[in-house]
Amino acid sequence: MNIIGFIGSPHKDGNTAWTVNKILESAGEQGANTQVFNASELNIKPCQGCLACVKSGACAVSDDMRLIYAALKTADALVLGSPIYMGQMSAQAKAFTDRLFAQITPRFSPSFKEENAGKKLVLVWTQGNPDGEKFKAYLDYTKQMFAMLEFDVIDMVVVTGTRTEAANEQAGLGDILNRIGARLAASQKVTSTEQENKAITNITDSDNSELERVKAELAEIKRRFGLDKQEEFLKTHANITLKEFCVMLSGRDCQPNLTPDERLLTEQRGFVVVYGDSDDRVEFEGAVTAEGHTNPLAKDGPAGVLVLSEDGKLIDEDSDLYAEYVKKNRNVVNVFYCCKEGLNWVFESNIPHETFLTYDGGYDEELDDIDNGFARCMVFEISELRA
């Protein structure tokens, strides 16, 4: 896994630099190869809009961006960080983003290259404002823009309140960034089981020494990237039930925060975890990845009624199909916000499911009650969705 980071800040050792480097450091500890570029040390000019890249396939501007172009060719992932200035990314990050056009374009562009599509992306934002929702519209737009460029945006982190408390001093932030880095490093397998088997079976039985060498190399790759432990985890929990999986998740702090191994387990078992991520956003994670929006100001009834198709996609609430499914109570998830059981989130559904409880600050054995409960989340099997 080759990961590059870009620090789009004029400050070499500021909050953005610390946050990006923390993610890269964690990914490196999981065996990823990492490289970081700091805008404060580079000469990157704005895009000239000359379209020379469309005609010749290369950017006509001669500056340090060429170093990044070379690194991007072999990169599997990018960690892009920027402070929020004037409600949007910094000038340094914008120059970098615009200049990506010479190498990475939307699929509908005549200069689109398939080999540049599908790179993993983690977006990192730092802001002095303590309100994490303040610039949500812009951040969501930026995420969609990178998705249009065929990036696979797997995480977006917003570090708030840096005006009064530096990022490296914020309690718990380091642990969150470590999990993101580990998740990023594990987001692409080094080699598939099919490739492993092919590599071994192509060696004749008479060449036992070569066979053992390949096996040893594969074992070392698995060890370096933690795939041996991952395989053991998946093997141990191969037949885990929904209820047992909920016991595993119960008692966590607010959101489930699935580990990379747990996320892979949900994909293999066909489990879908449903939880609240902010006051108006619901996340579906696992065998289905989706994001639903709710109305946190709703007083009577659910804050949202989310409906899924048989393949796990959210159905547009303005569509006739949505109305039909709601009428028939098919694949419906009712979302209650701050109005049931004294919890922030409660999910109810006609889809067969199990639930688990998360706590504000994590489960405390000394309290051993629901007073510090945060959410009653749910897990269901994708096979239970009906057409």
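Laboratory data are not the source of any read-out in this text; all were calculated from the coordinates shown. Just so you know, these numbers come straight off a predicted model, no measurement behind them. Because the Cβ atoms are built from the backbone with ideal geometry, glycine has one as well, and the counts that use them run over all protein chains shown.
When VAL282, VAL288, VAL272 are checked against the criterion of being in contact with a Phe, Trp or Tyr (Cβ under 6 Å, 6 or more places away or on another chain) and either assigned to a helix (DSSP H, G or I) or under 18 Å from VAL333 (Cα atoms) (or both), VAL272 stands alone in meeting it.
State yes or no: is LYS55 more than 24 Å from LEU184 (Cα to Cα), of a type outside the set (Gly, Ala, Ser) and surrounded by fewer than 16 Cβ atoms within 10 Å (Cβ to Cβ)? Considered against the rule, which asks whether it is more than 24 Å from LEU184 (Cα to Cα), of a type outside the set (Gly, Ala, Ser) and surrounded by fewer than 16 Cβ atoms within 10 Å (Cβ to Cβ), LYS55 comes out as yes.
Just to verify a result, which residue in the range 22-72, among those that are under 31 Å from the mean Cα position of the chain (by Cα) and of a type in the set (Asp, Glu), is nearest to GLN230 (Cα to Cα)? The qualifying residue nearest to GLN230 (Cα to Cα) is GLU29. When the range 323-365 is limited to residues that are assigned to a loop (DSSP other than H, G, I, E, B) and among the charged types (D, E, K, R), the one that is surrounded by the most Cβ atoms within 10 Å (Cβ to Cβ) turns out to be ARG330. If the condition is being of a type in the set (Ser, Thr, Tyr) and either in contact with a helix residue (DSSP H, G or I) (Cβ under 6 Å, 6 or more places away or on another chain) or under 21 Å from GLN255 (Cα atoms) (or both), then the range 285-342 contributes THR289, THR294, TYR337.
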